[in-house]
Structures are given as structure tokens and as C-alpha cells.
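Chemist: Let me begin by handing over the structure; questions about it come next.
The values are calculated or read from the model by the stated rules, or taken from the named source; none is laboratory data. Since we're looking at a predicted model, the values are computed, not measured. Methodologically, a virtual Cβ is constructed for each residue, glycine included, from the backbone with ideal geometry; neighbour enumeration extends over all protein chains shown.
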Amino acid sequence: MWRKSTVYVTLSRRRRHMTRQRNRRLLPRIGLTGVGWHILIGLIVLGALAASATGRSSAPVQTHGQASGDVTDTGAIVWTRVNRAALVSVETALDPSFTDSQTTGPVMAELATDFTVHIALTGLEPHRRYFYRMHAQDPQDPTEESVGPTGTFMTAPAPDDPVSFTFAVSGDSWARFQPFRVFAAMGEMEPDFFLYLGDTIYADLSLPPARTLNQYRRAYKVNRRDEPLRTFLNLTSVYAIWDDHEVENNFDRTHPRIPIGRQAFLEYWPVRRNAEDPRRLYRSFRWGRAAELFILDTRQYRDPSREPDTSQKTMLGAQQKAWLKAALRQSTATFKFIATSVPLRFHGRDSWEGYTAERQELFDFIRQNDIRHVIFLAADVHYAAVINHPEGFKEIIVGPIGQLLSKRQPAAGHPETEFSSNEAFNYGLIEVRADEQPPRVTIAILDEDNNILHTTEVIAEDMAY
């Protein structure tokens, strides 16, 4: 049985209440009691100002901010871009003053990757807040060095740790709609991480539409001009996946520009590369005893949506589907969040509605293997919805961050639909309460002013699957 949370207070009072409660829970946990999130932001802003002062005018410098991502309980990927060839390293510490810091070995930023760099941090402690800053050094003259602003992220809890946490989720950000106020709203709510469900750029709506690798790269640079986005990426980590507009609207496995679209995506997001298959984007991450994220690639392996919907038609491809089944079956996490980027029903052939045989295959597999507490997360359709599917699965649809709002709400009016709204840019704030018995998940859909549009609660013992 699904239980919808009752909102006992007005939206504005609930927002203040949620913020105060999050602050009380979060600050002792990360060792910032007495400092406060607003002061942390101030430290990061001061770090940005200091960065311009500590670097010599001829030193290489960061051009489009920085980000941390694909965080585990012991590691993270840190990303940045610099303006020319440079040796880039990451300094990390457990306090924003860097009193006891460690620095990685340098990585060369090269023209071949548009001067972007990805540095893997290893040997970190579970469930700790880390602070980092990037050093960019001239390869020929070590005295020519700049130090970037301070960023921060939280490592995941250990797999057996019953720790509660909160994450934000959304997608669909077209540069035409900058500034992206949703990122500022999410930052106010202090999520432990952000799940970016695709359409992180709109390369096919750029001027001109992207056709070359450098034009795809330019689309990412244009989006990274956005101050709320850059600030938000400094304050938390991100798990990013693509949807269609990172290449072209509704693309499938036959599209000729997949290689360069994928290259640009990997260059500009802190994605952990798969050693056996560098093209692979699907992956999973464990967050304590309570949750595991399964991030699907619904694009580069899919058959064309126009093909007949037979048992052979696939969105995931054989290898990814086999991986998903095995990972779900092996997971001991209480809640399993499956990020599909496209919705399960009601949204045309580009969504799972065009791949119903494979969708049913996955539903049957989950039920037959008694895989409990599965929640699907999707974006792409430019309105928000909560759907309780008859098979026993809950689906949360969020977004857009900044795009034309959908004039239609295909999910509205169906008995499965608990909530549907196309009135505002929005995101989901998901709180996983592992320290309660039974464990539960509280999901709020909020607009860009952090007004709560809807809340719903999932209790582990009440879920069919």
C-alpha cells in the first residue's frame, strides 16, 4: 500500500520546517555545527575570490567551474577545465581551511580532451564531508600556478551502515532558460548528492545545432556559464547520465554522432569510466544499508522507436539488461532506485511505451525474484508526476530544470497517477530514512522557489515490490 504524506502546515511553513530539520540532522553529521551552510557557501565564494588572487596572471586557470561526482564510500571523481595545457592536481581535506590536506599527483590537461581533466580520489573515509580545490600549474614553469575555489562533497556511507541521507533529482536544462534557479533552490535544501537525469544540454537546439565535437563541447561550456549551476556543483556531488539532447532529439543506436556526443558528455561530467568498456555509461552506486542507485543508459543501445514493439525490441541492449538483472538480484539495499531518464508509461514510443515487451520482462523479473522496494526515477517530459503502477512500482517524474513546460500531461487522469503538474520548473527531494523502523523514503516535488508541490511517502513494509 502506498501512503501519501499529509501536509499539516502551509507550503511556506513546511519549507522552513524541512530546512530546519535538515540542518539539525546534517550539521552534526558533517562536523559543521556552529558554522552553518550559509557560512560554508561564504567560504566557497571567498575561495573563488582568493583563487583569482593566488594565481599569477600568466598561470593556467579554470574556465568553467569544477564538479565532484560518482562518489562511493571510499572515492570520488573530480572534474575541471582549464584554459590551456597544465598539470592539474587536487588538494583535499576534512575542513574548509585545509589545515591537514593531501594533494594528488598531477594530471595533464591536454587539447585532445578540450583541456578537461578527471582526477580519481581514492582511500577516502565513508560518510565524511570532504573539501577540495584544484591546482593548475604551467608544465614548463612550476612557479606559474593558480589555485581554484573550494568545493565540497559527502562520501557515501559504508554498505552496511544504516545512515539516513537526502538527494535531489531532476533533468532538462536548456541554456536559453538561464539562470537555472532550480539549482539555487536545490542548494538551499543541502542534498548529499544530485542525480542528473539527462538532457544536461540541448546540443541540437544550440546555434548552430551541434554537428561536430567542438560544437558539442561548446554546448556544455554555454551551460556552465550559469552561476547557479556552477555554485551548486561546488556544494555537492553529481551522478550524471545522458538522455537524447546530448546528441539529438530521440536518438537511438543508429545515430552517426553517438561517438562524439558521448565523448563530449564524458569530457564534461565527472563520470567514473569503466575500464573494460570506456563507452559504457550505465552504472550503480550504493549508499549505505538503505539504498542503491541503478543508473541506466536508455539511448545508445536502443532499437529505433519506430520499429514494431516485439519481444526482440530493446531499449537497454542485451548486455546492459543482463547487468541490471544481476545487480538488482544481488543488491541487499532496502530501496532500489532505478534511474531510467525516460518514463515508464503514457509518453509515446520514445519512452518505455514504445518498448512494452522489454518493460514487462523487467517487471516480471523483479516480481519473480522477489526484489522488493523498487522506485523508478525519470525526467524528459517537462512536467512532474507521481505514478503508482499496477505492478506495484512507484515512479517519480521530475523536471524540467529549465525548458519549455509541457502543455500536455499524458499521465493526468489515469487512476495510477497520484500527482501531475506542468506549472513550474521543478525537482525532487528524496529523503531516505534508514534509521527508522521500518525504513522509509519521503519524496517532495518542489518548484524553483522551494514551494512544495507534492509529497509522498514510501514505507518499506508497505511496498508490494
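Chemist: Out of region 172-219, which residues are among the polar types (S, T, N, Q) and within 13 Å of the chain's Cα centre (by Cα)?
Modeler: The answer is S173, T200.
Chemist: Please go through region 79-105 and pick out each residue that is farther than 18 Å from P126 by Cβ and of a type in the set (A, V, I, L, M, F, W, C).
Modeler: W79, V82, A85, A86, L87, V88, V90, F98
Chemist: If you go through region 92-99 one residue at a time, do you hit one that is over 19 Å from T236 (Cα atoms) and of a type in the set (D, E)?
Modeler: No: zero hits.
Chemist: L293 fails exactly one of the following numbered conditions: (1) under 27 Å from A460 (Cβ atoms); (2) in a loop (DSSP other than H, G, I, E, B). What is the number of that condition?
Modeler: (2)
Chemist: Can you tell me how many residues within region 114-141 are within 26 Å of the chain's Cα centre (by Cα), crowded, with 17+ Cβ neighbours inside 10 Å and within 28 Å of R217 (Cα to Cα)?
Modeler: Going through region 114-141 one residue at a time, the tally reaches 12.
Chemist: Does F425 qualify as being of a type in the set (F, W, Y), at pLDDT 95 or above and either more than 15 Å from S170 (Cβ to Cβ) or not assigned by TED's automatic domain parsing to the domain that holds A379 (or both)? If you could, list the steps in order and put the result at the bottom.
Modeler: Numbers: of a type in the set (F, W, Y): yes; at pLDDT 95 or above: yes; either more than 15 Å from S170 (Cβ to Cβ) or not assigned by TED's automatic domain parsing to the domain that holds A379 (or both): no.
So F425 fails the test.
Chemist: Let me ask you something else. Any idea which of (1) free of Cβ contacts under 8 Å to residues at least 60 places away in the same chain; (2) over 30 Å from D161 (Cβ atoms); (3) not charged (D, E, K, R) is the one T340 doesn't satisfy?
Modeler: Condition not satisfied by T340: (2).
Chemist: Only one residue in N249, N274 is among the polar types (S, T, N, Q), surrounded by fewer than 18 Cβ atoms within 10 Å (Cβ to Cβ) and without any contact (Cβ under 8 Å) to a residue 40 or more places away in the chain. Which one?
Modeler: N274
Chemist: Now for a different question. I'd like the residue in region 364-393 that is assigned to a helix (DSSP H, G or I) and without any contact (Cβ under 8 Å) to a residue 60 or more places away in the chain and, out of all such residues, is surrounded by the most Cβ atoms within 10 Å (Cβ to Cβ).
Modeler: F365
Chemist: So which of F183, F167, F194, F131 is touching a residue at least 60 places away in the same chain (Cβ under 8 Å) and in a strand (DSSP E or B)?
Modeler: Selected residue: F167, the only one of F183, F167, F194, F131 that is touching a residue at least 60 places away in the same chain (Cβ under 8 Å) and in a strand (DSSP E or B).
Chemist: Of all residues in region 394-416, which are basic (K, R) and in a loop (DSSP other than H, G, I, E, B)?
Modeler: K407, R408
Chemist: While we're looking at this one, here's another question. If I ask for residues that are within 26 Å of the chain's Cα centre (by Cα), surrounded by fewer than 20 Cβ atoms within 10 Å (Cβ to Cβ) and of a type in the set (G, A, S), which ones from region 73-111 would you list?
Modeler: Correct list: G75, S89, A93.
Chemist: Sort through Y282, Y268 and tell me the only one that's buried (at least 19 other Cβ atoms within 10 Å of the Cβ) and either free of Cβ contacts under 8 Å to residues at least 24 places away in the same chain or within 21 Å of I119 (Cβ to Cβ) (or both).
Modeler: Numbers: Y282 fails: either free of Cβ contacts under 8 Å to residues at least 24 places away in the same chain or within 21 Å of I119 (Cβ to Cβ) (or both).
Every option except Y268 fails the conditions.
Chemist: Does region 203-226 contain any residue that is within 14 Å of N426 (Cα to Cα), surrounded by 23 or more Cβ atoms within 10 Å (Cβ to Cβ) and assigned by TED's automatic domain parsing to the domain that holds I452?
Modeler: The initial filter retains those residues of region 203-226 that are within 14 Å of N426 (Cα to Cα), namely none.
Taking every residue of region 203-226 in turn, none turns out to be within 14 Å of N426 (Cα to Cα), surrounded by 23 or more Cβ atoms within 10 Å (Cβ to Cβ) and assigned by TED's automatic domain parsing to the domain that holds I452.
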